[in-house]
Every structure is written in C-alpha cells, then in structure tokens.
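Structure, as structure tokens:
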Amino acid sequence: MEQTTDQAEWLQRYRLMYLIRTFEETVARLVRQGEVPGFVHLSMGQEASAVGVMAALGPADVVYSGHRAHGHLLARGADPLAVLAEILGKRDGLGGGRGGSMHLIDPGVGFWGATGVVGGTIPLALGTAWARRESGGIAVVFFGDGASTTGIFHESLNLAALWSLPVLFCCENNGYAEFSARAEQSPVAYASRFAEPYGIATARVDGTELWTVIRQAQAAVQAVREGRPFFLELEVVRLAGHYEGDVQTYRSAEEREQARSRDPVWRARQGLLDSGISEGEVAQVEEEVKRQMRAVEDQALAMQWPEPAAG
Amino acid sequence: MRIPRLGLSEAGGRILAWHKREGDPVEVGDVLLELETDKASVEVTAATAGYLGRIAAPEGAVVESGAVVAWITASPDEQVHAGRPSPGPEAPAVSPSPHQGATSGWVRASPYARRRAAELGIALAGVTGSGPGGRVVARDVERLARGSTAGRWREAVARRLQATVEAPEFWVTRTMEVARWIAPLAQHPQVTWTDLFLQALAVSLPAGSPLRPQPRSPSGLQVGLAVATDQGLLLPVLALPSDLPLEAIAERRKALLARARRGQLQDGDLGEPELVFSNLGMFGVDRFMALRDPSAPVAVAVGRVGEGVRVEGGAIRATWLVEVTATVDHRVADGAEAARFLQQVARYLEQGEGARWSQG
Amino acid sequence: MADWTYAEALREGLRDAMAEDPRVIVLGEDVAYGGPFGVTRGLKEAFGSERVRNTPISEAAVVGFATGAALAGYRPVVEVMFMDFLTLTLDMLVNQAAKYRYLAQDRLRVPLVVRTQAGVLQSAGAHHSQSFESWLVHVPGISVLAPSTAGDAYQAIRWALRQPDPVVVMEHKALYGRRTVREPAEDVAAGWAPRATRRRAGQDATVVSYSAMVYTALEAAERLAREGVEVEVWDLVGLSDSVMDLGLVAEAVQRTHRVLVVHEAVRTGGFGAEVAARLQELAFDGLDAPIERLGAKASPVPFSPPLEKAYLPSVEDVCQAVRDLMA
Ligand SMILES: Cc1ncc(C[n+]2csc(CCOP(=O)(O)OP(=O)(O)O)c2C)c(N)n1
Ligand SMILES: [Mg+2]
C-alpha cells in the first residue's frame, strides 16, 4: 500500500519511540548483566512525550533535561551508539565517559544537558532562551513533577514570566518522585497549576498519546516563539522503576497494570494500525530497530575505556 | 651511647668511622667509632656491654660531646624498640608510640635545620635545639657548624693561640749539659732524648709545685705532646708518673704518637695537659719557644743536643749541651718559680743519681 | 585621575568591558540603581536596562539564568550582594556552571562572572560578613580572585571577562572606599593575570594573605620592623587552583624559612590550610618552623562591635604570630 506523507512521518515518529524503548530495554538488560556503571533512570512510558515535543522543535532550539533524559536525547536525534557508549562509560561515548547517563550533553543536536540535580537545568533554559531570543530559537526544559517542589523551579517561573522569556517548560508528570506519589509530595496535584499565578500559559495533556502531544507541543512552541513562556504538563506513566533495580514495593499491582495499559509505544502502534499502516510495515520497522540496537550494543560493548590521563 | 667529653674541648667532632654495625654485640672497651676532634682522632669505646642498637649519627656526622650517637641494648632483638633515650636535655625526642619504633632516635628538628645539617655534615642527634619545645632549628645547626667543620683544625690552633696570647706569658731559657746520657742512650736505642726530657720533667714537677699546684690526674703529670701529623698539629696527652722507667716512657710515647699519626687516639689520650712538651732538636733547631695550651701553665721547648763548650774555673771543656725554654703563664707562676723549675730539670739531667731504667 | 577607589576601579572595569564587548551583561539585585555599594552606578544609564538587569531576589535562578546565557555565548556578570548569599547559588555554580566545560568536552563553555562581596565591617553581622572562598576553591572549574587593591580590582574584572570559564571575584566591603594610586599601566588590560604579588620585602618571615587582610599584615609588618623583624608580605590575588601560583612565595619561604598565612575566613578548613599544604610541598626543606595560620575565631560572625573586633585577626595577633614563629 502506498504511504501518504503523513503515514511516512508517523512511521518515522514511531520508529523513534520504538528505538527509545528498545534502547532502554537494552540498557536495562545491560544493567542486569553488570555492564552499566552508576545509576540509570529509564524513561519507559514517557517516549511519546519525548518524541512528541521534539517533533514540534526546530534545529535552532535548545533542549535541557533532567536525570531521566535518554528519550529526550535520542528523540532529539543523537547517535544511539554514542549515547549507549556514554552510558557504559566508554571513551568514544558522547562525553568521553566523563558524564554517563545523568550527564548526557550533545550540543550537536541542540541538547545542552541533562542533570543529576533535580531542577538544576530549569534556570539555565531561561538564560539560554533570553540569550538566543534573536536567533529565532527557543529553549525547552524537561523536568519531572518532583522538580516542581524545588525553590529553583519557583524562582525560574517567576523570572521567566517577569522577563517574558521564550522558554517552554515541559513537566513530565509520571505521578512519582522516586518512591513517593505526587500526593505525598505536594497538595497541588498538577505542577502546571503553579505556573498560573505567574500568568504563564499552561496546558495539561495525556503524555502517552503521541499525536496529542505533537499537536499540543506545536501550539505551545508557537506561543513561545511569540516571546513568552509556556508550561506544558505531560501526564505520563513510569513503566520501569525509579532507577534500574528499583523493586517498586510502593506501587500496587493494579496501579502498575493501569500504567501498562497506557503504554505510549503500544498506543502509538495501535494508532499506526488504525491509520491503515499494515502490521507488516510496522513489524519491519521494529525489526530494523532491533537489528540496529543489536549492532549498537555489540559495538558499544567492544569499545575502549577512556584513558585516565586524558580525563 | 653518648660522645664523651673529650678533654679540653666540648665541641665534639666528626665521626670518621663506625667500627660496629647495628646489631653487633658490644663488650666494654670495644672501639665503637672513630671521632675526629679539633685536636685529634679519637677512638670512642663502649662503656656498657650489649648490642649496638640504632646508630643515630652516621659516618661523617659532626656531633657535640654529650650527643647521643647510638643506643646499646640488652638484647639484639630489642633493636627495633631501642633508641628510647634516657630523658635528658640532649636526649633526642621520640614518640612513645609503638608505631614509631622504627623511627626512634628521631630528633625534633625543622625541615630547614635538617637540610642545613645535611649540607654542613652535622648529625642532628648531636645538636641541642633552641626552638620551641627543644626543636632543633637552623640556627642551632649553623652555630655548631661554625665551630666544627673543615676549618676546625686551624680554628683550634687559632683558638689556642688566642687564649695564650691573651694571657701574660714570659720565657725562661737555660742551657743544660747532657753529656752523661750519651752512652746510656746509645745502649738503649728504643729510648730517645725526648723520653729522657720527659722523665726529667715528670720528676721536676711534683704535685704542689708552683707550676703544677693541683694535679689533674692521679696517673701522673699530664704532658701534652705537640705532634705534627698530616692533619696538622696534635696535642695528645701522655700520663707520666714520676717513677716511670725510661723504657716504659718510650713505649707509651711511641704508642701514643703512633695512634696520633694513624688518627686513632683514644679517650684517655685527650686529657687536658698540665705541660706541653715540644722537641724540635731533630730538626736542628737550637732554641725556640713553644706554644702553651690554655689549660697548661707551662710549655717546654727543647732544642738540638749538640757539642759545645763549658767554661769552668777558667778551663774550657767540650761537652754536650741542650737549650731548654719554658713558656710560662704569668698568672700561675713568676719568673723565679719558673727559673727554679728549670733548675730542677737541669739538676736532674746534670747531677741526678741517674735515670730510672726498668732494668739495670 | 591620580588615584581611585576600589569601587571605582570595579565600576570602570565593568564599564570598559561592556563598552568593548556587547556580550557583557550585568545582573543582580538593584544593579540598575548602582547596587548597595555603588559599584554598578551609572551602568544602566550608559548601557540600558537590557544589559544592566535588575533581578528579583532569586540568587539561584539568576546565577542559573546567567549560566544558561553564558552557555549561549553571553558574558554575564552577576552581582551576588553578599557572599553569605552565595550559599543559595552554590548548586548553580558548583553543579552546573563549573561542570559544563568538562562534561561537554569543551564543546560548551560557561564564561560567567560572579561578583560578590565578603568580609567583616561595621557589625554587618552573622549573615552579611562571611568569607567562603575555601568552599569555592574546592570546586575544580571555578576560578576565584580576591583582589586587595583598586588596580587589581579593575584588572580582576577585566581578566574575569576574558576567561572562557566561571570566575568568582570576591570583593571586600571594607575595601570599596579605599583609595590607591592609579598606575598608568593599569589601563592595559590584556597583560594582567592574577599572580601572587609581593607587597613588602623582608628577610625574617613571610606573611601570605589576600583581600583586606593584606593591609592588616602590612600594618603588622611595620610594627614588627620597629622590633627589628622584617616581614615579607605576599598578596595572593588569585586563590583557586587555576590561578594560584605559589612558586614565588615558595622562593620567599626559602629565604625567610618562616611562614604565616592570614585570612578573614575561619581558620579551620580555611584557605590558609591549602596555602600551608602547598608551601610545605614546594619548600619543605626551607621551613624552620611549622607554617602558622591565622584566621577568624570558630564562631558565627558576631554583631556587637567589641565582639566583632575580637573575632578577626588583629594587627597585634599577626605580630604575635610572627613573634611566635621566630621563637
Ligand atoms: C536536588 C535533588 N534532590 C534529590 C535528588 C534525588 N532524586 C533523584 S530523582 C528524584 C525524584 C525526582 O522526581 P521527578 O522530578 O518527578 O522525576 P522522575 O524521577 O519522576 O522522572 C529525586 C528525589 C536529586 N537528584 N536532586
Ligand atoms: Mg515524577
């Protein structure tokens, strides 16, 4: 069957989501095999948010993220091999092995940094947005619902509103900050509510629904390009533990089952099939991605360690 | 094990060689080390038996007298813990911590003092610290170095000269006839004129005489022998009981000189002389004045024994003569007393009942 | 101009840098009104409120903002009104700004300058008097300068704004009004780099200091000279690993064999410990006494004038410490 332009693009978006998922499944397995040093936070359940928001951005825009950043970086177009190599601490990783999972940086694709400190990159996006206001680019910062209880989050909302900064706040609300549910963290259920008194435009969307995210992100980005901040809250699910190895005793079986029913990758796949793309075409994309990841894994594992002197 | 007080000098000296190694058994009297002082090289012997523990002052080190240079322990395996010095002002400080056992003998010294000590070849163990808590600081090392390194010999001579120049001195010379000794000395080739003069001096300066008011040692008159060695002028001391036979004098003197020339003087060789004796007769010198040592009120200089004439009752008689000159510290004795001393010597040589020989 | 004050020098440094480079911007609380110490006076009038930006009381967000702008090529100068409030910015400084260049393998840089004002003066009290340089020097990636003269203050600003990485300029409130002769060469910005500077020669002991304590040390040196002790006084100017070179100071130690380090910060864990450690590495066998450190008492900065006076090392404290060193 002949694909329409839309279908080709959708398949392309799905390929990215599927890549992120496969990539992180690979990382999870490598963690279990003891190949991954340090802490790893997987974004399974948040792929639609990453791919959907990136779909609305241009090359001049700058993206910052938090500790759960693999998806954002891959969705922004980073080379999976360089990212995996960095997560493994290899010499030819994205940061030469200096950063690892929580400190991924790839200026080449407009990704200016993850952070291990919750809320740490929020004000950076403000300054970058201001500095690049004449380049036509905006700054986007991803953070979790947990970041909305930090001081820097509130200082940044105030400053962004005060100075009308072209910054897009993307709060990925997965309902948890580590092991604590939102209700234990704040009496304010949705972080986007904090933006309202500052006069910042907000939207809250189902972040597991790719096409919804894309549409809403496009509208938000449009508003930001006009010169004011926007707060986009993406309701996502956390399909993995807080970190790899987290047994999640704090979550009920029903709640986890419910989360799984909102798996964004599965939903995007359903959407493709509903739009008339054949099972065979989707399976072929999936097969290609799996093959790509197997090669990436083999290559990354075979890579050299960095020389301490060069560090 | 400390450096003994070596005669007139408190300055100590430089360790030329250790004769024992750490761990060696040590008997009382064993020569432990050779020390070069401003006067001589001295063999320092062990005063206690045991085992040589840690050596605190290596060869080449300059140490003050009283300085701890090593420890003698009761058993060989005590070595590691040895070096706990007896408390005392010069005792190097060591931590009582057992972990520091290996560094016992450690001297509290500033890093700069250590560097200066190394540069100047001074053993820190021998330096008394004037810094806080008795720490050896650079000035302590430098003070010691000024009196102890290369220029030591000349400085020592200069110091002695200085000391004697400052004292009022006078000289008395008397010609003595020694013809009656020609034959006996010829029969005893091992005995020299010097031995004879030494005996004459020992006999002529009994304890309590004006030039020897307080005997310094029960072992007899302490005669400093000026000896020219490769290293300069030495002044080892020979103890002369007044009844010592000539052969014994000769023997002791030769042994002493040999030790001096080999640089192996022992503690006892370096007392404070009561009299300095110097004989330059063998060099053909007729008469000279010897330098005293600050501790000796008198120095006796003997010139060449040669043929000469005496006039007695108008008659000229050929005989053998020698000129003896005494350098006298005027603070101790006056001219008449000095003259009487030479008179005694002359009487012994010219009229005495004869020398004391061990046999015959 | 024959002489100038420390505050004037800082202002001229900012003014000259802003005139030369449009990427230089100034941010901080009340900076558009000159700031509480008048350092930024007139800058808004000269360069406009886009480049001289009054900020809300959001130290962390402002330093974070500046970091983000620096990443995008600006040269922001943030004034953190009191060094005491630097605590609020430490996450941004330490975890963000200082790490970027390393983590991004030089592909991103943070040419950020933070000016902040430290030190004890006239009962500013426990929250407005502290000196935190030792926290900063502990973080690789940040340069720390603590100028003591107007000339060095000017140059510190100019130098900081030429660096590709974060610099904290630690000013001292007691120095702002201090006048020093203006050397003509001070206008030539390019040649200057922070380096330890000898403020007085002497052969008996070396006193190492920086910022306002340099003057206490100099006064002490004059008093000691009347006692016959000649003290050499060194002003470090640059404190962090990136800018500190103790080579010349170590040479001085090899001449004087005695060292005292004096600063306003509390002695324990203070910067003096780092100086002492380095000097013993460089000049161990030149030391005839343990390196002494003199700093503030282990107490929050007290308020009442007599308490405040007792809190800081005095001229007499420095003299006594030197006398003890000479023992
Ligand atoms: C300032 C700070 N405090 C605590 C942590 C430890 N920590 C890491 S992730 C996390 C939870 C963050 O929750 P959220 O912002 O919702 O992100 P999510 O993990 O859900 O993606 C916490 C507390 C941290 N990294 N930084
Ligand atoms: Mg969360």
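The values are calculated or read from the model by the stated rules, or taken from the named source; none is laboratory data. Bear in mind the structure is a predicted one, so any value in this text is a computation, not a measurement. Ideal geometry is used to build each Cβ from the backbone, glycine not excepted, and the neighbour counts take in all protein chains shown.
So which residues in segment A:39-74 are over 21 Å from A:Pro264 (Cα atoms), more than 14 Å from every other protein chain (Cβ to nearest Cβ) and within 15 Å of ligand 1 (Cβ to nearest atom), if there are any at all? If the condition is that a residue be over 21 Å from A:Pro264 (Cα atoms), more than 14 Å from every other protein chain (Cβ to nearest Cβ) and within 15 Å of ligand 1 (Cβ to nearest atom), then A:Phe39 is the only one that fits.
The set of residues in segment A:145-203 that are among the aliphatic types (A, V, I, L, M), more than 12 Å from ligand 1 (Cβ to nearest atom) and more than 14 Å from chain C (Cβ to nearest Cβ) comprises A:Ala183, A:Val188, A:Ala189, A:Ala195, A:Ile200, A:Ala201, A:Ala203. Output the number of the condition that C:Leu161 fails; it satisfies all remaining conditions of (1) on the phi > 0 side of the Ramachandran plot; (2) away from every other protein chain (no Cβ under 14 Å). Against the list (1) on the phi > 0 side of the Ramachandran plot; (2) away from every other protein chain (no Cβ under 14 Å), C:Leu161 comes up short only on (1).
Residue-wise test of (1) touching a residue at least 24 places away in the same chain (Cβ under 8 Å); (2) within 16 Å of ligand 2 (Cβ to nearest atom); (3) touching a Phe, Trp or Tyr at 6+ places or on another chain (Cβ under 6 Å).
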residue	(1), (2), (3)
A:Phe169	yes, yes, yes
A:Asn173	yes, yes, no
A:Tyr176	yes, yes, no
A:Glu184	no, yes, no
A:Ala191	yes, yes, no
A:Glu196	no, no, no
A:Ala201	yes, no, yes
A:Arg215	no, no, no
A:Val236	yes, yes, no
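Any residue at all in segment C:103-119 that is free of Cβ contacts under 8 Å to residues at least 60 places away in the same chain, hydroxyl-bearing (Ser, Thr, Tyr) and more than 14 Å from every other protein chain (Cβ to nearest Cβ)? Don't jump to the end; show me each part of the working.
Pass one, segment C:103-119, residues free of Cβ contacts under 8 Å to residues at least 60 places away in the same chain: C:103-114, C:116.
Checking which are hydroxyl-bearing (Ser, Thr, Tyr) leaves us with C:116.
Applying the additional criterion that residues be more than 14 Å from every other protein chain (Cβ to nearest Cβ) yields C:116.
Yes; the residues of segment C:103-119 include at least one that is free of Cβ contacts under 8 Å to residues at least 60 places away in the same chain, hydroxyl-bearing (Ser, Thr, Tyr) and more than 14 Å from every other protein chain (Cβ to nearest Cβ).
Can you say whether A:Ser135 is within 17 Å of A:Ile200 (Cα to Cα), more than 16 Å from ligand 2 (Cβ to nearest atom) and not in a helix (DSSP H, G or I), as far as the supplied structure shows? So A:Ser135 does not fit the description; no. The test for being under 27 Å from the mean Cα position of the chain (by Cα) and among the basic types (Lys, Arg) does not hold for B:Arg317.
Taking segment C:107-215 as the region of interest, the strands (runs of 3 or more DSSP E) fully inside it that hold 1 or more residues being out of contact with any helix residue (DSSP H, G or I) (no Cβ under 7 Å at 6 or more places or on another chain) are C:113-118, C:143-145, C:167-172, C:179-181, C:197-200. Within the set B:Pro4, B:Pro87, B:Pro76, the sole residue that is within 21 Å of B:Gly129 (Cβ to Cβ) and at pLDDT below 80 turns out to be B:Pro87.
Regarding C:Ser242, is this residue in contact with a strand residue (DSSP E or B) (Cβ under 6 Å, 6 or more places away or on another chain) and at pLDDT below 95? In short, yes.
To keep it simple, each residue is scored yes or no on (1) in contact with a Cys (Cβ under 7 Å, 6 or more places away or on another chain); (2) under 28 Å from A:Ile152 (Cβ atoms).
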{"site": "A:Ser192", "(1), (2)": "yes, yes"}
{"site": "A:Thr202", "(1), (2)": "no, yes"}
{"site": "A:Gln216", "(1), (2)": "no, yes"}
{"site": "A:Leu232", "(1), (2)": "yes, yes"}
{"site": "A:Val236", "(1), (2)": "no, yes"}
{"site": "A:Ala253", "(1), (2)": "no, no"}
{"site": "A:Gln258", "(1), (2)": "no, no"}
{"site": "A:Arg269", "(1), (2)": "no, no"}
{"site": "A:Asp274", "(1), (2)": "no, no"}
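Among the residues of segment C:95-123, the ones that are surrounded by fewer than 19 Cβ atoms within 10 Å (Cβ to Cβ) and within 16 Å of ligand 1 (Cβ to nearest atom) come to 1 in all.
Every residue, every condition in (1) in a helix (DSSP H, G or I); (2) more than 18 Å from B:Gln344 (Cα to Cα); (3) not assigned by TED's automatic domain parsing to the domain that holds B:Glu36, yes or no:
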residue	(1), (2), (3)
B:Ala186	yes, yes, yes
B:Leu198	yes, no, yes
B:Arg216	no, yes, yes
B:Ser219	no, yes, yes
B:Ala250	yes, yes, yes
B:Arg253	yes, yes, yes
B:Glu272	no, yes, yes
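Let me confirm something: among A:Arg193, A:Arg204, which residue is outside any helix (DSSP H, G or I) and charged (D, E, K, R)?
Numbers: A:Arg193 fails: outside any helix (DSSP H, G or I).
Among A:Arg193, A:Arg204, only A:Arg204 is outside any helix (DSSP H, G or I) and charged (D, E, K, R).
Do we have any residue at all in segment A:251-269 that's hydrophobic (A, V, I, L, M, F, W, C), more than 16 Å from ligand 2 (Cβ to nearest atom) and crowded, with 23+ Cβ neighbours inside 10 Å?
Yes: segment A:251-269 contains one or more residues that are hydrophobic (A, V, I, L, M, F, W, C), more than 16 Å from ligand 2 (Cβ to nearest atom) and crowded, with 23+ Cβ neighbours inside 10 Å.
So, of the residues in segment A:36-73 that are of a type outside the set (A, V, I, L, M) and modelled with pLDDT under 95, which turns out to be nearest to ligand 2 (Cβ to nearest atom)?
Among them, the one singled out is A:Phe39.
Inspect all residues belonging to segment C:69-87 and state whether any of them is within 10 Å of chain A (Cβ to nearest Cβ) and in contact with an Asp or Glu (Cβ under 6 Å, 6 or more places away or on another chain).
Within segment C:69-87 (the criterion being within 10 Å of chain A (Cβ to nearest Cβ) and in contact with an Asp or Glu (Cβ under 6 Å, 6 or more places away or on another chain)), the answer is no, since none of the residues qualifies.
Would you check if A:Leu232 is within 16 Å of ligand 2 (Cβ to nearest atom) and either within 14 Å of chain C (Cβ to nearest Cβ) or touching a strand residue (DSSP E or B) at 6+ places or on another chain (Cβ under 7 Å) (or both)? So A:Leu232 passes the test. C:Val214 satisfies every condition listed in (1) closer than 30 Å to C:Asp106 by Cα; (2) outside the structural domain of C:Val39 (by TED's automatic domain parsing); (3) among the β-branched types (Val, Ile, Thr) except (1). Within 16 Å of ligand 2 (Cβ to nearest atom), crowded, with 24+ Cβ neighbours inside 10 Å and on the phi > 0 side of the Ramachandran plot: is that true of A:Gly113 in this structure? Against the criterion (within 16 Å of ligand 2 (Cβ to nearest atom), crowded, with 24+ Cβ neighbours inside 10 Å and on the phi > 0 side of the Ramachandran plot), A:Gly113 does not qualify. Among the conditions (1) of a type in the set (Val, Ile, Thr); (2) away from chain A (no Cβ under 14 Å); (3) under 21 Å from C:Gly151 (Cα atoms), C:Val31 misses just one, which is (3). Can you tell which of A:Leu165, A:Leu126 is more than 16 Å from ligand 2 (Cβ to nearest atom), surrounded by 21 or more Cβ atoms within 10 Å (Cβ to Cβ) and not in a loop (DSSP other than H, G, I, E, B)? Only one candidate passes the filter, namely A:Leu126.
Looking across segment A:138-152 at every residue that is within 16 Å of ligand 2 (Cβ to nearest atom) and surrounded by 22 or more Cβ atoms within 10 Å (Cβ to Cβ), the one that is farthest from the chain's Cα centre (by Cα) is identified as A:Ser148.
All conditions but one from (1) within 24 Å of C:Ser211 (Cβ to Cβ); (2) in a loop (DSSP other than H, G, I, E, B); (3) within 14 Å of chain A (Cβ to nearest Cβ); (4) of a type outside the set (A, V, I, L, M) apply to C:Pro56; the one that does not is (1).
Table: residues versus (1) acidic (Asp, Glu); (2) farther than 22 Å from A:Leu157 by Cα; (3) assigned by TED's automatic domain parsing to the domain that holds C:Ile142; (4) surrounded by fewer than 17 Cβ atoms within 10 Å (Cβ to Cβ).
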{"residue": "C:Leu10", "(1), (2), (3), (4)": "no, yes, yes, no"}
{"residue": "C:Ala17", "(1), (2), (3), (4)": "no, yes, yes, no"}
{"residue": "C:Ile25", "(1), (2), (3), (4)": "no, no, yes, no"}
{"residue": "C:Glu45", "(1), (2), (3), (4)": "yes, yes, yes, yes"}
{"residue": "C:Gly48", "(1), (2), (3), (4)": "no, yes, yes, yes"}
{"residue": "C:Arg51", "(1), (2), (3), (4)": "no, no, yes, no"}
{"residue": "C:Val62", "(1), (2), (3), (4)": "no, no, yes, no"}
{"residue": "C:Thr67", "(1), (2), (3), (4)": "no, no, yes, no"}
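Residues that are surrounded by 23 or more Cβ atoms within 10 Å (Cβ to Cβ) and more than 24 Å from A:Arg269 (Cβ to Cβ): does segment A:200-212 have at least one? No: zero hits.
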